[in-house]
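The structure's right below; bear with me while I get my questions together.
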Amino acid sequence: MSGVVRALARVNVAAIERNVARLARDLTAGVTLCAVVKADGYGHGAVPAARAALAGGAGQLAVVAAVESRTLRDAGIDVPILVMGALSPDELDVALAARADVVAWDESFVAAVAARGGGAVHVKLDTGMGRLGTRDPAYATRVADAAAGTDGVRLAGAMTHFATADDRADPFMDEQLARFVAWVTPLRAAHPDLVVHAANSAGTLRDAATHFDLVRVGVAIYGLDPFGEDAAARDLEPALELRSYVGAVKPVAAGESVGYGRRFIAGAPTHVATLPIGYGDGVRRALTNNAEVLVRGRRLALVGTVSMDNITLDAGTPPAAAAGDEAVLIGAQGAERITAEEVARRLGTINYEITCGLLPRVPREHHRDGEPLRAPGARAAAEAGTTR
Ligand SMILES: Cc1ncc(COP(=O)(O)O)c(C=O)c1O
């Protein structure tokens, strides 16, 4: 294994590049793909993910926290950035200093942008998500008109966000879309330069009617399936692998137990392989007796309690693992593959939470189809500088 440490997340930036190119290919000409790199690029490393997305054809970036826009600027990324989250006054300062566009749903926020020297705003209509944005289309139009009419403030965009795009059986996305179209059509007539946007990954893949001028694509650029299904069937490649290694193998007699709480008691003589990765790295404790890990191209059952720093696998007799073997928790080994979607299903959650849930103790190693990103030059230096 490649120079490891106890646990490692390897991220293939070429996969992100190809995913973006594949997603962009299906957009109508003139529609911009905005790559969403919030939450440290869904756990993949925001700056390398952003660079890969831009190389793949993304035209701009979106984040949620103001500080995330500053991180991208500090790395020398110069494309338009949209900060999508609610912002405290201090955070608004940070976002505007990073020359990021911000999202408004309140006239007082437009005034706050103007008071800080101005900036570009996107007005958000809440068509049914129920989080940020105003639910009142007439008020949203007033906010837009205020932005357009305030010195120093530029009305840049009009947006909404879907609650159920990932559930194709649920018609609510169409209801939201209808509300959005009813609001944005006259608004665009009054402000022809407006950039109109609504779609996340699922919306983008589900219905071209959601594309408007720009799509905000997050999870799919990382090769994760927005519907929780098979990303490969949609021609998306997972960019992240999670690896560890077998730290020790020992025999366990019938009746002996393994781990906290004795949650595994061997029914027959076997061997247990201990891997130095646990919930302190982001391997969730709810995977106790409920996961598989690849060793020597075979699936071994995780047995016993996931502890902070270790997990234990049933390696059988004779043992199907030896100390030093590479172990793959997410990714491929031989002909076998474990996806973030599989881990998510076991946990009753979504793939997003699996990669976002990898903790800082797991270093991220970025590579391009196996080649380390250590080429000379400013770009590689910037990338290396953000690898945790
Ligand atoms: C407002 C907004 N737009 C776009 C996205 C991207 O969504 P996805 O990762 O499903 O593509 C998100 C992510 O949650 C979001 O909050």
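The values are calculated or read from the model by the stated rules, or taken from the named source; none is laboratory data. Computed from a prediction, not measured in an experiment: that's the story for all the values here. FYI the Cβ positions are ideal-geometry reconstructions off the backbone, even for glycines, and counts take in every protein chain you see. Side chains are part of the model used for accessible areas, which takes the heavy atoms of the whole protein and leaves out ligands, DNA and RNA. Shrake-Rupley method; radii C 1.70, N 1.55, O 1.52, S 1.80 Å.
State to the nearest 20 debye the size of the charge dipole of the stretch 124-168 about its Cα centre, where the only charges are +1 on K and R beta carbons and -1 on D and E beta carbons.
Dipole size: approximately 20 debye.
At 7 Å along Cα-to-Cβ for each site, give me the label-to-label distance between residue 290 and residue 308 in nm.
Once both label points are built, they end up 2.3 nm from each other.
Positive end of the charge dipole of the chain (Lys, Arg +1 and Asp, Glu -1 on Cβ, about the Cα centre): tell me which of 43, 57, 219 has its Cα farthest that way.
43
How big is the convex hull of the Cα atoms of the chain, per residue, in Å³?
Hull volume normalised by residue count: 140 Å³.
Right, here's the next one. Could you give the size of the charge dipole of the stretch 142-294 about its Cα centre, using +1 on the Cβ of each K and R and -1 on the Cβ of each D and E, expressed in debye and rounded to the nearest 20?
Around 600 debye, computed over the stretch 142-294.
What FRET efficiency do you get for residue 323 and residue 301 if R0 is 25 Å and r is their Cβ-Cβ distance, rounded to the nearest 0.05?
Efficiency computed from Cβ-Cβ geometry: 0.85.
Tell me which of 183, 249, 98 sits at the most positive position along the dipole axis of the stretch 96-251, charges placed on C-beta atoms (Lys, Arg +1; Asp, Glu -1).
Final value for the positive-end residue is 98.
At a Förster radius of 25 Å, what calculated FRET efficiency corresponds to the Cβ-Cβ distance of residue 55 and residue 154, to the nearest 0.05?
0.35
For the chain, what does the accessible surface come to per residue with a 1.4 Å probe? Please give it in Å².
Using a 1.4 Å probe on heavy atoms only, each residue of the chain averages 41 Å².
What do you get for the angle between helix 172-190 and the principal long axis of the chain? Use alpha-carbon atoms, 0 to 90 degrees, nearest ten.
Between helix and principal axis, roughly 30 degrees.
Ignoring ligands, DNA and RNA, what percent of the 1.4 Å accessible area of the chain is carbon and sulfur?
53
For the residue pair residue 347 and residue 257, what label-to-label distance in nm results when each label sits 7 Å from Cα along the Cα-to-beta-carbon direction?
Each label point lies 7 Å from its Cα, and together they span 2.6 nm.
Put a dot 7 Å past each Cα toward the Cβ at residue 178 and residue 207; how far apart are the dots in nm?
About 1.0 nm, to one decimal.
In percent, how large is the relative contact order of the chain, given Cα pairs closer than 8 Å and 6 or more residues apart?
18
I need to check one value: relative contact order of the stretch 274-336, counting alpha carbon pairs closer than 8 Å and at least 6 residues apart, in percent.
37
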